[in-house]
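So that we are looking at the same thing, I have put the structure below in structure tokens.
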Amino acid sequence: MSEQPERSPSPSKVGFALNRRQLIVGGAAAAGGAAFLSACGGDDDTTATTAAPEATTAPEATTAPEATTAPEATTAPATAPPADLGEVTFGSNYSDEKPKAGMAAAVAVSGLDVKINTVDHNSYQENFNTYIQQPDDVMAWFAGYRMRAFASKGVVGDISDVWTGLGDMSEGFKNASTALDGKQYFVPFYFYAWGLHYRKSLFEEKGYAIPVTWDEFLALCEQMKTDGITPLAGANDGRWPQMGMFDMLNMRVNGYDFHVSLMGGKESWTDDRVKEVFAKWAELLPYYQPDANGRTWQDGANVIGDKSAGMFLLGNFITSNFDGATQQDIIDDIDFFLFPEINPEHGQDAIEAPIDGFMMAASPKNADGSKALLGSLGTKEAVEAYIGVDPSVVAANGAADTSGYNSLQQKAAELVGGSKYIAQFLDRDTDPSFAADVVGIGIADFIADPSKIDTILDTIEAQKATYTFE
Amino acid sequence: MTVTDHIDDTTPAVDPPARGRRRRRRRYTTLSKGDRFWLGVMVGVPAFLHLILVWVPALATTALSFTEWDNLAPLTDIRAVGFQNYWFIFTVFDTNLFPALFNNFILVFWLFFCSAIGMLLAYLLDKNLRGGRVYQSIYYFPVVLSLAVVGFIWKSTMFSRDRGLLNVIWPGEPIDFVGDGTKIFQFDIPFLDFPLGLSRNFAALLIAMAWRHIGYIMVMYLAGLKGVDPALREAASIDGCNEWQSFRNVVFPALKPINVVVAVITVIEALRAYDIIAALNEPRGTEVMGTLVTKSLLGEGGGRVGIGSAYGVVLLLLCLGFIIWYVYNHYRETEQ
């Protein structure tokens, strides 16, 4: 089941495909990180203890991650106190080899005595409800509703004072880290963006222009159809990929505020504004690759790869479908653009970018240490140390060094950094069960038969009433 | 039989006079004190485990189905809501519940059909055909795979719209086997505002499940057939039975113990169906009770324990109905 997640993938699961230079750097760093971990006596997938450099028993190993990252990472961050804050426990779902090593490097930047408990990312997420009742001091999690749901239940701690020292985070990231009470409970680490992905060479060859308005978009679709290209790749296996289309249409038609309000259960799904979203969607469906419901996003990515389809609304992880060794030309050729404007009132002011980051337990055993660790993880030094090992992500911290990014990463950093609003994706922006079991089913039914939309929306609205939103 | 009768008998058939008088009307038993101790342990430990592992969770689930709880807040936050969860699943989520129940019923019938095919294959293989071992291995092969793996195999190699073998062979427009919830047949139910029916993708899953189930049942019957006394068949053919009569009146009745086991396995497989559907991400039209239960209970961000438990209780009642029927018949026949 690991291949086909039942929800949108987290940035920690899928990243950007890397170009060759990054692969080499990353590989070397991963090796260094692995050596670092084993030298510290951690068992695989269980516990690894990183210690402050002066306390370590393996000095030659601790230098490994620092040596491979940017030199400025070795300078202690402003928030890093001396190591006498004591041990901080850290629950991590960065369980694959590279992310695990990267996280060890990022944590080491704090100079604190941190005990990392790494759990396989699937089990971590599935069991988070149980885990959060006896959590570690600091834990990895996701922004948006999935953070707010726990914040409103009082099981995670207010870290607003940490945010005062974070500096280079954009307003969009701060919004995504803020719960309904206006306080921050989350420190963003990295993200990926959603947009319409396309092959640069195909657009050049056929002379297509990037559409900015809805009419231009429909005209481009029509043109592609005449040229014998499927305009839009369509995948919905797992019933999450098409949630992205709903999000984009809703934010373009009704704006981010309405979207959040709808996701928060405060608006009716039978509202005309929602019907308008599906009406716009119905205009697009004729340009879809047929039978989207049964297709995995990987199969959707393949038709972008062989240029039989023109565009695909997906996350940047689309490039991870291609093999870096043999399909590097395809990876380098993939670019993405913002979903076109529909309602001039909202323009293109919103983007979808799921963010991974960290939260603090409601009553951590070591509160000062936890806040110091979170403050350190939010700095550019920490995320740069991570990217030194695992270069397939884009740092949330706006000051982080972008010189190692490939063009897609740079584009993501630029588009997300410039967006006024950042949505987290439908299954992260509302009750996860409501997203998967009600909206996801409704969207799949809509794609199978758009004429039934009124019944579908009635069903969603009726089932919504059985959920208690945050 | 005589030994058990002897032990069970409350009025001793052979009464040693001296002991009988000394200990008044004490029940006669051949069990020593040690025997009785071990008997107590052998019965008591499994009974205890059964109680703890089966009935306590079942009763807890039943209790939870009358509550609302997000699986997150402390236990003191569990709120009793009466029959609200049942009201929800039978009215608001009827689009989930009734198709799932219908799919489970279809599965019961389908797997019984597959069991019959398995029996046929076993009967043929039992005739020592040339190359029988090879056929046997081929039919049995899928059984060593988990149903989830069976699902992945069929999804990617057979059913895939873009790359699957069936669509490569098929001359017309490619068929979306996995994602297409179009109904093959459907009928209206008076109290539902939508029709029930067999969706195309559930039919595709039925084929994948049959692939495994037939081999499983075949092996059970092969073992059973080896236990049928060949003299019975010889006698039948001497008496002039044709193949069908000999099977129907001689072999099939002799297979009774296997039939009972197969019936139980088949019903349980049909009711507990979950893994293959979950592995394929529960495409529309393939919901079964098992996926409804887990969808509500598992996952991040707060489960819906009450509603999930209510689905679970519906499933439990279905199973209980079958178990009661089975136990009732079993004991009635034993008494005879």
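The values are calculated or read from the model by the stated rules, or taken from the named source; none is laboratory data. Computed from a predicted structure; not experimentally measured. When we count neighbours, we look across all protein chains shown, and the Cβ atoms used for this are built from the backbone with ideal geometry, even at glycine. Heavy atoms of the whole protein, side chains included, go into the accessibility calculation; ligands, DNA and RNA do not. Shrake-Rupley method; radii C 1.70, N 1.55, O 1.52, S 1.80 Å.
Of A:Ile447, A:Ile318, which has the most accessible area with a 1.4 Å probe, and how do the rest follow in descending order?
Largest accessible area first, the list is A:Ile447, A:Ile318.
Would you kindly find the accessible area of A:Tyr185, with a 1.4 Å probe and non-protein molecules such as ligands, DNA and RNA excluded, rounding to the nearest 10 Å²?
Result for A:Tyr185: roughly 20 Å² accessible.
Is region B:109-186 best put as rounded, prolate or oblate by its Cα gyration tensor, with a ≥ b ≥ c the root eigenvalues, rounded for a/c under 1.5, and otherwise prolate when a/b is larger than b/c, oblate when not?
Verdict is prolate for region B:109-186.
Another one. At a probe size of 1.4 Å, how large is the accessible area of B:Phe90, to the nearest 10 Å²?
90 Å²
Straight-line reach from A:Lys98: which aspartates and glutamates have Cα under 12 Å away, leaving out those fewer than 8 places along the same chain?
Leaving aside aspartates and glutamates fewer than 8 places away in the same chain, those within reach of A:Lys98 are A:Asp390.
How do A:Ser8, A:Ser268 stack up against each other in accessible area, from largest to smallest, with a 1.4 angstrom probe?
Correct descending sequence by accessible area is A:Ser268, A:Ser8.
With N denoting the number of residues in the protein assembly as shown, provide Rg(C-alpha) divided by 2.2 N^0.38 Å, to two decimal places.
1.12
State which helices in chain B qualify, where a helix is a whole DSSP H run, it must extend 15 Å or more along its own axis by its Cα atoms, and its mean Kyte-Doolittle hydropathy must be at least 0.5.
Both cut-offs are met by B:33-50, B:94-125, B:200-226, B:256-271, B:305-335.
Right, something else. Alpha carbon centre of region B:107-160 versus region A:110-171: separation in Å?
48 Å
Turning to a different aspect of this structure: Apply the Karplus curve 6.51 cos²θ - 1.76 cosθ + 1.60, θ = phi - 60°, to the phi angles in region A:141-151 and return the couplings in whole Hz, x for Gly and Pro.
My calculation for region A:141-151 gives 7, 10, 7, x, 4, 5, 7, 4, 4, 7, 4 Hz in order.
Something else about it: If you find the alpha carbon centre of region A:301-325 and of region A:346-369, how far apart are they in angstrom?
29 Å
Let me know the charge dipole size of the protein assembly as shown about its Cα centre in debye, to the nearest 20, where only the beta-carbon of Lys, Arg (+1) and Asp, Glu (-1) is charged.
It works out to roughly 4040 debye.
Any of A:Lys115/B:Lys295; A:Lys174/B:Lys295; A:Lys371/A:Lys411; B:Lys127/B:Lys256; A:Lys115/A:Lys411; A:Lys275/A:Lys307 with alpha carbons more than 24 Å apart? Name them for me.
Pairs exceeding 24 Å: A:Lys115/B:Lys295; A:Lys174/B:Lys295; A:Lys371/A:Lys411; A:Lys115/A:Lys411; A:Lys275/A:Lys307.
Which log10 I(q)/I(0) values does region A:166-267 give at q = 0.11, 0.17, 0.23, 0.24 Å⁻¹ under the Debye formula, counting every alpha carbon as one identical point scatterer?
Once normalised to I(0) and log-transformed, intensities are -0.54, -1.02, -1.32, -1.37.
Another question, then. Please compute, over every Cα-Cα pair in region B:84-335, the percentage with a separation greater than 29 angstrom.
Percent of Cα pairs beyond 29 Å in region B:84-335: 42.
Collect residues whose amide H, placed 1.01 Å from N in the peptide plane, falls under 5 Å from the amide H of A:Thr213; neighbours closer than 5 in sequence don't count.
A:Glu341
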